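The structure appears right after this line, and notes come after that.
The values are calculated or read from the model by the stated rules, or taken from the named source; none is laboratory data. Computed from a predicted structure; not experimentally measured. Virtual Cβ from ideal backbone geometry, glycine too; neighbours counted across all protein chains shown. Note: accessible area is taken over every heavy atom of the protein model, side chains too, but ligands, DNA and RNA are not part of it. Shrake-Rupley method; radii C 1.70, N 1.55, O 1.52, S 1.80 Å.
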Amino acid sequence: MSHLVEKHFLQAWESAASTYHSTSSPFVEQNIGLKAHVQRVMPLFLTLRSAEGNALVTAMLPPGGRYDPAFRIVIVGPENRDPYPEHGEAIRKLGEHFGFSLERIRCYPYGGATLSRK
């Protein structure tokens, strides 16, 4: 989608992977729990797609979709465009699902500051 969230995804994956410590011995597969660890600690990345499968909106939410006032939620359209005019209702429903207020001023990187809890 050529946007800011791609960069965040790669950085989050590397950061999460670097915090993994294997609990198995050196003689057994050491990275057997890596994928589960990364999924627990890195942000949740979601993409709203059209019926044809085209990416319309990408969201970066706190790890596990759990409220974290220190986490900066990012919601963007392709090429960092503002997705709210065209997909605001879908974004609102996503926020309802997770219990977040995903207002444009707070989540669109060029429109505001922090996250609020409903």
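If you take the beta carbon distance between residue 68 and residue 32 as r and set R0 to 30 Å, what does 1/(1 + (r/R0)^6) give as a FRET efficiency, to the nearest 0.05?
Working: r = 28 Å, r/R0 = 0.93.
About 0.60, to the nearest 0.05.
Of 8, 97, which has the most accessible area with a 1.4 Å probe, and how do the rest follow in descending order?
Descending order: 97, 8.
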